[in-house]
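Scroll down for the structure; my scribbles are underneath it.
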Protein chains: 2
Amino acid sequence: MPYRPFDGQNCSIAGALAIIGERWSLLVMREVLLGRRRFQEIKRNTGIASNILADRLQTLVDHGVLERRRYSDQPEAYEYVPTRRGLDVNPVLIALMQWGDRHLAANGPPRVPVHTVCGHDAEPRLVCSHCSQPIKAEELRVRPGPGANEAQRAEPLLPAD
Amino acid sequence: MPYRPFDGQNCSIAGALAIIGERWSLLVMREVLLGRRRFQEIKRNTGIASNILADRLQTLVDHGVLERRRYSDQPEAYEYVPTRRGLDVNPVLIALMQWGDRHLAANGPPRVPVHTVCGHDAEPRLVCSHCSQPIKAEELRVRPGPGANEAQRAEPLLPAD
DNA sequence: AAGCTTAGTTGCATTTTGCCACTCGACTCG
DNA sequence: CGAGTCGAGTGGCAAAATGCAACTAAGCTT
């Protein structure tokens with residue numbers, strides 16, 4: 001991991017990036033959440049080098065995003081299963097996928113999301129918890145929240161776009 | 001950028017990561033979408049080194065995520081404004097922010113999202129475009145889509161969790 | 001017994017960072 | 001007029017991360 005310059009920003013985005021924001025880590029999470037949970041399987045599907053994969057899995061386990069579980073003795077095999085923290089990475093991957101689908105996929109999306117509750121294809125959409133309307137990317141701003149520090153409180157700047 | 005091993009995966013997530021998935025790049029996008037759009041401003045708020053920032057801004061411009069615009073002559077000043085591609089990064093940042101808020105923020109979220117259309121605080125939520133119900137992270141699976149390749153079509157694997 | 005599979009580790013060369021000093025043009029203060 | 005400053009970077013160099021390939025080690029399989 002590139003040094004550790006993300007501390008002390010009091011920012012949930014920076015915090016999240018410090019744990020799951022590394023490129024390979026997110027690809028590993030894609031694999032795990034797709035159901036590919038064994039070392040060699042992840043290695044094959046991502047093209048990641050063994051040592052890097054070992055390192056990333058270890059730090060994801062250290063941060064409680066994955067759990068290393070013995071899958072079978074004889075032959076000794078392990079699987080990496082997502083914890084709650086790990087499952088909650090799904091929306092991040094979905095957001096990345098939708099960005100990629102929209103701006104890169106020439107021949108249609110390689111994968112489409114399915115909502116297991118209703119069983120149908122489901123373009124997940126962001127809606128406002130207050131007015132229930134769909135939210136467009138440019139209709140979002142932020143304001144300082146309860147956890148804001150001095151500096152952040154002083155900058156209620158919403159971009160003008 | 002670490003070599004470029006993300007090609008040839010036919011995956012929108014990998015594609016998106018290749019362009020915007022670098023840690024600093026996402027932090028830069030946070031700044032830009034927060035309204036901080038000038039070189040020094042971004043540098044100050046992220047703690048990124050000048051040469052890295054210059055590099056990241058350049059590649060974001062190269063990929064059409066940002067546009068470099070002269071902000072004023074005398075003194076010569078530039079700003080980096082988000083294009084459509086850039087604006088569409090917002091949901092990714094929101095997803096990261098929500099993950100961080102949920103799993104890391106001890107004293108409440110530093111920032112809260114505001115929906116500019118209705119003007120209220122808005123926890124953006126994912127809903128299913130088919131049944132309109134809110135979607136929990138673990139209720140999402142994927143299936144091969146129209147852009148899937150041979151291998152991907154052969155693996156309609158939905159994880160068991 | 002030879003070979004394969006799973007899950008890594010180790011060594012080494014290459015690439016990317018981070019840090020800091022420096023440039024270059026245009027103000028701005030005294 | 002000269003000194004200092006600000007904005008936007010560039011350049012050099014050491015330290016860290018990455019990629020690659022070979023190797024270990026236990027337990028099958030043929």
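The values are calculated or read from the model by the stated rules, or taken from the named source; none is laboratory data. No experiment lies behind these values; they were computed from the predicted model shown. No Cβ is skipped: glycine too gets one built from the backbone with ideal geometry, and neighbour counts run over all protein chains shown. The area values use the complete protein model at the heavy-atom level, side chains included, leaving out ligands, DNA and RNA. Shrake-Rupley method; radii C 1.70, N 1.55, O 1.52, S 1.80 Å.
Of all residues in the range A:105-130, those that are under 19 Å from B:ASN149 (Cα atoms), facing another protein chain (nearest Cβ under 7 Å) and aliphatic (A, V, I, L, M) total 3.
Residues that are farther than 22 Å from A:ARG36 by Cα: find the helices (runs of 4 or more DSSP H) completely inside the range A:52-161 holding 3 or more of those.
Details: elements: A:84-87, A:90-103, A:150-153.
Helices (runs of 4 or more DSSP H) meeting the threshold: A:90-103, A:150-153.
Could you please give the count of residues in the range B:136-156 that are aliphatic (A, V, I, L, M), out of contact with any Lys or Arg (no Cβ under 8 Å at 6 or more places or on another chain) and at the interface with chain A (Cβ under 7 Å from one of its Cβ atoms)? Of the residues in the range B:136-156, 2 are aliphatic (A, V, I, L, M), out of contact with any Lys or Arg (no Cβ under 8 Å at 6 or more places or on another chain) and at the interface with chain A (Cβ under 7 Å from one of its Cβ atoms). For the range A:29-49, a residue qualifies if it is under 23 Å from A:ARG84 (Cα atoms), over 19 Å from the mean Cα position of the chain (by Cα) and aliphatic (A, V, I, L, M), but none of them does.
Farther than 20 Å from A:LEU27 by Cα, facing chain A (nearest Cβ under 8 Å) and more than 9 Å from DNA strand D (Cβ to nearest atom) - does that describe any residue in the range B:9-30? Yes: the range B:9-30 contains one or more residues that are farther than 20 Å from A:LEU27 by Cα, facing chain A (nearest Cβ under 8 Å) and more than 9 Å from DNA strand D (Cβ to nearest atom).
Go through A:THR46, A:THR83 for me and flag whichever is surrounded by 20 or more Cβ atoms within 10 Å (Cβ to Cβ) and either within 21 Å of B:ARG30 (Cβ to Cβ) or away from DNA strand C (no atom under 12 Å from the Cβ) (or both). Walk me through how you get there before you give the answer.
Numbers: A:THR83 fails: surrounded by 20 or more Cβ atoms within 10 Å (Cβ to Cβ).
Just one listed residue meets the conditions, A:THR46.
Of the residues that make up the range A:136-144, is at least one touching a residue at least 12 places away in the same chain (Cβ under 8 Å), open to solvent by 70 Å² or more (accessible area, probe 1.4 Å) and within 16 Å of DNA strand C (Cβ to nearest atom)? Outline the logic, then answer.
Restricting attention to the range A:136-144, the residues satisfying the condition of being touching a residue at least 12 places away in the same chain (Cβ under 8 Å) are A:138, A:141-144.
Next, only the ones that are open to solvent by 70 Å² or more (accessible area, probe 1.4 Å) stay: A:143.
Applying the additional criterion that residues be within 16 Å of DNA strand C (Cβ to nearest atom) yields none.
No: zero hits.
Within the range A:8-41, being in contact with a Lys or Arg (Cβ under 6 Å, 6 or more places away or on another chain) and outside any loop (DSSP other than H, G, I, E, B) holds for A:ILE13, A:LEU17, A:TRP24, A:SER25, A:VAL28.
B:LEU33 satisfies every condition listed in (1) within 11 Å of chain A (Cβ to nearest Cβ); (2) surrounded by 22 or more Cβ atoms within 10 Å (Cβ to Cβ); (3) within 11 Å of DNA strand C (Cβ to nearest atom) except (3). With respect to the conditions (1) touching a helix residue (DSSP H, G or I) at 6+ places or on another chain (Cβ under 8 Å); (2) modelled with pLDDT under 95, B:ILE42 lacks only one, and its number is (2). Flag not set for B:ILE52, criterion: of a type in the set (A, V, I, L, M), open to solvent by less than 20 Å² (accessible area, probe 1.4 Å) and closer than 18 Å to A:GLY21 by Cα. The residues of the range A:78-99 that are facing another protein chain (nearest Cβ under 7 Å) and among the β-branched types (Val, Ile, Thr), listed by number, are A:VAL89, A:VAL92, A:ILE94. Being in contact (Cβ under 8 Å) with a residue 40 or more places away in the chain and more than 17 Å from B:GLU22 (Cα to Cα) is not true of A:ARG30.
For B:GLY15, the conditions (1) away from DNA strand C (no atom under 12 Å from the Cβ); (2) touching a residue at least 12 places away in the same chain (Cβ under 8 Å); (3) buried (at least 21 other Cβ atoms within 10 Å of the Cβ) are fulfilled apart from (2). Regarding A:ASN90, is this residue in contact with a Leu (Cβ under 9 Å, 6 or more places away or on another chain), at pLDDT below 95 and within 14 Å of B:ILE13 (Cα to Cα)? No, not satisfied.
Quick check on this structure: which one of A:ARG102, A:ARG68 is within 8 Å of chain B (Cβ to nearest Cβ) and open to solvent by 40 Å² or more (accessible area, probe 1.4 Å)? The conditions single out A:ARG102.
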